[in-house]
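Step one of this worksheet: look at the structure below.
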Amino acid sequence: MNEMINLLRRELPEINVLEKVSFSEITSLGVGKALLPAMIEPGNTEQLVQVLKFLENKEISWFLFGAGTNLVGTDDAANIVGVRLGDKDFTKVSIEDCTVRCGAAVRLPLLASLCAKAGLGGFAPLSGIPGTIGGALRMNAGANGVEISQLVKEVYGVHVNGKKFNASGSDIEWFYRGSSIPADVIITEVVFTLNASNVALEEEEICLENARRRKREPAGKTAGCAFRNVSDLDPAGKLIDECGLRGLRVGDLTVSEKHANYIMNLGEASEADYLELVRILRRAVSDKHGFYLQPEIIPVNPELPSLIANDTPAPRVNLLYGGVSSEREVSLQSGAVVAKALRNAGFKVDITDIRTCEITPEMKAADVVYPVLHGGFGEDGTLQKMLEEESLRFVGSGSAASRLVMEKIATKKLLDRIALPTAPWAVVTRDNRKFPEHLKFPVMIKAPSEGSSVGIVKVSSPDEWDNALDEEFKYADELLVEQFVKGVEITVPIINSKVYEAIEIVSPSGFYDYDAKYLYKNGETQYFTPPKSLPSSVVDLAKEYAIKFYHAAGCRDILRVDFIVDSDGVPLMLEGNNLPGNTEHSLVPKAARQAGMSMESMTSNLVYCAMKRSNEVPAAVNAGSGEKEKGNFFRNFIYSVCNLAGLIAGLLLIYAGVMRNQWGKTASIALIAGGLIVSVFAFCRQFDRR
């Protein structure tokens, strides 16, 4: 390494190089026993490109340092050098009107102060973040409800191969603690667009923010928050605190007594201390809360993330979304929300846009399959049946219950059979289009196997009947006709057999159609949790009906049950939804959040429920027809006959061996053979999972 440093100084003499640098000097946490052999500090983009080419040609590993405020050093740095943007072009700041151009090595608190003095607002909420602009942008740093990405106009940088990079802020995809900026890009300069503000107000807000930070954050050697927050309802510090780990110490590292998401270096902590402490914290949170905390501190050692993750590995989930039904767009939206929540919770998530109903290698490789499909084979039990036959664990109801709940006519039959109140109904077909005699206008015509209010129309008079049927028969040959009931619409969510608070739905059109759920062309739909227009006794009755239906239909994991409460205060059940939507407007997540459950908690709990189930093929739920699957019957019959024949043969051989001693050697063989057959029979019966 010394030879490399000397060569670098000869070839690039204008570039500053520091030797044998302690991690206590270049990181705020100060963890790491080793000395960094060299810290190379290019002062402009041209020098940076030269350094990158030099290191590539010499096949030398390197690590990019900023201010070092969120880094953990290493105990072995013999084969790595540091690169840090120097104090020339990378620390320049220029302000013109509301446009601010600054180098990536500028400290965020300094930039906030300079902008405030120039009468520009926007950075004050972020002014307590101690890192550089480049580091803050790479992590999409945020505080007080503001993320730095909201202020970005343009980003400039260099790929590690020396190629220039630039992108507008609007073209970059920003997300929590990250962005779509390529991982191999070193950010060199950023342009911000700010708003004019009052100098005194901005400076006062910066002072207040610094005071708030001093009050809630510990002083001392720390790298800021140790882990990413799972959600706003599940902050990492709260999760660690609830595990009773404030003050936990490993070597010279300790969990802060002031804020449990801060790790403090009390002396000369090692990378090994950090690894052990982080493993303990992740393991405890996983055991108690089911989340897999993701470190926010960046390690110099590239092997450290896998050493941490492999200690408490997260389950792998294959999320299915899309499909080919009329509800594909809703499924894509829901699937994206669920995938984000599971990843926030630390799960490994593989996403599959499933367009054909088949078992894929990704499904077989997953610990749990998570269908977020609406309508078609994803919700009618077809996919669930295939998953059952492959003995794959999955979220949601089994095939029989899925088929029953998806089919509105079958649901109506079940409601009548278990004596739960529902609106009067009838069935019409292409061959029998006659208006049902026991109903009166207005009525609702519903395609029996569509969801998200697709294939539903209100018919108010006889003149509309035939045209409405023509439109609805595009969806199915058999249609449900339901008496329209004017009343209060509510829905009751059930998650893991627990009934959550009902939600009242007030839609502009008078009933909860596709526009009221997703488009809002006719006005915003209002939601009230708990319902505002009904007494608690009526709501409780609806909850009672909902859980009865949930169990009678054989549902599991999650269900949403829709009701209309008539003028007499009777909750009339309309239908169930065994894979309810999970968009930002969807009802089950609204109810869960009202109860203090985040999307991350809800989805992870559903995964764990699926994981706890045996991966054996479940018995089919009786959907009301009273029939058994013929294939299963004959298979079980043949299996039983073979078992019985084997047992009889074994017993006869044993009898022959005992009773016919004169056979000599032949009797002994019969006795041994019979014993083996009976033993094999007993073994198979013991481990049979049919």
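Summary of values
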| item | result |
| --- | --- |
| P(r) weight above 26 Å for region 56-190, C-alpha pairs, percent | 23 percent |
| Rg(Cα)/(2.2 N^0.38 Å) for region 268-401, N = residue count | 1.28 |
| Among the listed pairs Lys92/Lys238; Lys412/Lys474; Lys340/Lys532; Lys446/Lys532, those beyond 30 Å (Cα-Cα) | Lys92/Lys238; Lys340/Lys532 |
| Mean Cβ neighbour count within 10 Å, used as a protection proxy, ranking 545-551, 156-162 highest first | 545-551, 156-162 |
| Net charge of Cβ neighbours under 11 Å - reference Gln483; Lys, Arg +1; Asp, Glu -1 | 0 |
| Of Lys458/Lys590; Lys288/Lys612; Lys348/Lys385; Lys408/Lys498, pairs whose Cα-Cα distance is over 19 Å | Lys458/Lys590; Lys348/Lys385; Lys408/Lys498 |
| Shape call, region 140-230: gyration tensor on alpha carbons, a/c limit 1.5 | oblate |
| Under 13 Å, Cβ to Cβ, from Ser536 - net charge with Lys/Arg +1 and Asp/Glu -1 | -2 |
| Spatial extent of region 2-84: Rg and Dmax, with the Cα atoms as the point set, Å | 12.3, 34 |
| Net charge, Arg9 excluded, C-beta distance under 15 Å - Lys, Arg +1, Asp, Glu -1 | -2 |
| Anisotropy class of region 331-471 from Cα gyration tensor, a/c 1.5 cut | prolate |
| Cα long-axis angle, helix 536-552 against the chain (0 to 90 degrees, to the nearest 10) | 70 degrees |
| Within region 2-84: Cβ-based charge dipole about Cα centre, in debye rounded to nearest 20 (Lys, Arg +1; Asp, Glu -1) | 60 debye |
| Neighbour-count ranking [beta-carbon atoms within 10 angstrom, fewest first] of Val427, Val499, Val565 | Val427, Val499, Val565 |
| Cut-off under 5 Å, modelled amide H: who pairs with Thr188 long-range | Tyr156, Gly157, Val158 |
| Centre separation in Å (Cα based) which lies between region 51-119 and region 140-189 | 14 Å |
| Trypsin sites (Lys or Arg not before Pro) within region 325-386: DSSP coil, no more than 12 neighbouring Cβ in 10 Å | Arg355 |
| Partner aspartates and glutamates for Lys486 [C-alpha distance under 17 Å; skip if fewer than 8 residues away on the same chain] | Glu504, Asp513, Asp562, Asp566, Asp568, Glu575 |
| Peptides 317-326, 596-605, 177-186 ordered by average Cβ neighbours within 10 Å, highest first | 317-326, 596-605, 177-186 |
| Rg and Dmax of region 217-309, Cα atoms only, in Å | 12.1, 35 |
| 0 to 90° range, to nearest 10: angle between helix 108-117 axis and the chain longest Cα axis | 70 degrees |
| Where only C-alpha atoms are counted, convex hull volume of the chain per residue in Å³ | 247 Å³ |
| Tilt relative to the chain, helix 271-289 - C-alpha long axis, 0 to 90 degrees, to 10 | 30 degrees |
| For region 481-494, Karplus couplings with θ = phi - 60° (6.51, -1.76, 1.60), whole Hz, Gly/Pro x | 10, 10, 4, 6, 10, 7, x, 9, 8, 9, 9, 10, x, 10 |
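Read the figures in this text as sums done on the coordinates, not as results from a lab. Because the structure is a prediction, the values reported are computed rather than measured. Quick reminder, even Gly has a Cβ in these numbers, built from the backbone with ideal geometry, and neighbours come from all protein chains shown.
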